[in-house]
Amino acid sequence: MSTVALTELEIHGLARSCLLVNGCDEANAAAAARTISSAERSGAISHGLFRLPGYVASLRSGKVNGHAVPREEQLTSAAIRLDGDRGFAPLAIEYGTPLIVDAARDSGVAVLLIRNSFHFAALWPEVEALAAHDLVGLACTVHTPMVAPFGAKKAFFSTNPIAFAYPRPGRDPYVFDMATAAKAAGDIGIAARDDHELPTGTGLTADGNPTTDAKEVLDGGVILPFGGYKGSAIATMIELLAAGLVGDYFSYEAVKADNRDGGPAIGGEFILAMSPEVLSGPGWAEHSDAFLAELENMPGVRLPGQRRFAARLSDEPIHVNAELVDTLQSMLI
Ligand code: NDP
């Protein structure tokens, strides 16, 4: 694969320019570009520039509002509803983060319910932003059906990601961020492209038979939830939090509202913040850190998030697929 070496700043500039030229204002373009460039810097390439053609397609089709202005509604002292104004989620998240931080510090617990926005990114930025304020964060969202519930052969859930961060003052937080599907959709696409076999239990063919062939999964088949019925239950919880509780589309509803332009689907995001200082009290950091130190010192264990944190320490240029860079440059006109 031929690649082009770009700095994080150049990636941000490319993403921002593409979004500006295709219909975003400065605030919306810069927020989405920050999400994209930080994903590239963190080695999360499936949520970096790779997603930009989808963002652009949604602007060009008129599905997404590039001039979105998020608006908040304070439901209670600990519950904030945020209308994303049909924009990309990064601006709504950046707008809502200080609001949920203040509410969680005051009340110990707070929720941010984002409606009416288009999420196409990893979820660690939102939970890491909370951990940076010494808050515990949990976030989840849905998009369109790709995953069959345990026992079924038809897609009903999306790959329903969930992320959790626990602060460790003076250190990187404990963070996991994962799809609740046996494999994320992007990984199945890459396996199909590169002719890699999928692990057993990843998907079913269009006829409902188990397959390890990624092309069969993509050709009318379905992905399975991770962990059988347990993953299916967690995926259900995510639908209920991000759609039922937030008051936005479930995956099976979002697909009907979508114009299939290749970009993100409209939907909601559920974000929960908790203050260990308020809830646990002084000494919480040392107590939790001792537990995490025991865990990470066990032979064979590595904490989730460490791969991304290590990638961020590099100041080397980032090698981006050259064909993708050409495609993006053609979108600047
Ligand atoms: P992975 O399976 O790659 O990783 C899931 C989590 O497990 C990460 O926190 C990762 O940490 C950790 N991990 C991986 N390997 C190990 C290991 N050996 N030991 C300990 N921890 C490990 O992620 P997914 O493919 O499930 O998801 C990828 C991304 O896709 C997520 O960021 C998710 O938010 C996003 N996504 C977004 C969607 C959307 O609609 N917006 C839909 C679906 C997914 P580390 O990063 O350090 O490797």
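Bear in mind that the values in this text are calculations on the coordinates, not laboratory data. Note that this is a predicted model, so its numbers are computed, not measured. Cβ coordinates were reconstructed from backbone atoms using ideal geometry, including for glycine residues, and neighbour counts include every protein chain displayed.
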Check your understanding: If we count other beta carbons within 10 Å of each Cβ, what is the order of K154, K63, K215, fewest first?
Key -> K154, K215, K63
Review point. Sorted by mean Cβ packing within 10 Å, highest first, what order do the peptides 53-61, 121-129 take?
Key: 121-129, 53-61
**Study point:** In segment 264-333, trypsin sites (Lys or Arg not before Pro) in a DSSP loop with at most 16 other beta-carbon atoms within 10 Å
**Key:** R302
Check your understanding: Under the classification rounded if a/c is under 1.5, otherwise prolate if a/b is larger than b/c and oblate if not, where does segment 77-129 fall, given a ≥ b ≥ c as square roots of the Cα gyration tensor eigenvalues?
Key -> oblate
Revision key, fill the gap. If one builds a Gaussian network model of the chain from Cα atoms under 10 Å apart, the most fluctuating residue listed among G300, G48, G62 is G300
Check your understanding: Based on the alpha carbon coordinates of segment 184-333, what radius of gyration and maximum Cα-Cα distance (Dmax) apply, in Å?
Key -> 20.9, 57
Review point. With a ≥ b ≥ c the root eigenvalues of the C-alpha gyration tensor of segment 173-230, is it rounded (a/c under 1.5), prolate (a/b larger than b/c) or oblate?
Key: oblate
Exercise for review: Quote the convex hull volume per residue of segment 123-167, based on C-alpha atoms, as a whole number of Å³.
Suggested key: 53
Point to revise | segment 265-308: equivalent-ellipsoid semi-axes (sqrt of 5 x gyration tensor eigenvalues, Cα, Å) | key: 26, 22, 6
Practice item. Quickly work out the H287-to-Q306 label distance, labels modelled 7 Å from Cα along the C-beta direction, and quote it in nm with one decimal. Key: 2.6
Study note, to complete from the structure: Per the C-alpha gyration tensor (a ≥ b ≥ c, the square roots of its eigenvalues), segment 1-151 is rounded if a/c is under 1.5, else prolate if a/b beats b/c, else oblate; here it's prolate
Point to revise | Orientation-averaged projected area, Cα convex hull of the chain (nm²) | key: 17.1
**Study point:** Under Karplus coefficients 6.51, -1.76 and 1.60, residue-wise ³J(HN,Hα) of segment 104-117 in Hz, glycine/proline x
**Key:** 5, 5, 6, 9, x, 9, 8, 10, 10, 10, 9, 10, 6, 9
Check your understanding: When the chain is treated as a GNM, springs tying every alpha-carbon pair under 10 Å, which of D258, D195, D106 comes out with the largest mean-square fluctuation?
Key -> D195
Revision key, fill the gap. Of 240-252, 271-283, ordering from highest average Cβ density within 10 Å down gives 240-252, 271-283
Review point. In terms of Cα to Cα distance under 16 Å, which lysines are near enough to K215, apart from those fewer than 8 places away along the same chain?
Key: K183
Check your understanding: If the limit is 24 Å between Cα atoms, which of K63/K154; K63/K153; K153/K256 go over it?
Key -> K63/K154; K63/K153
Check your understanding: DSSP beta bridges in the chain, what fraction antiparallel, as a percent rounded to 5?
Key -> 85
Review point. If contacts are Cα pairs under 8 angstrom and at least 6 residues apart, what is the relative contact order of segment 94-183 in percent?
Key: 23
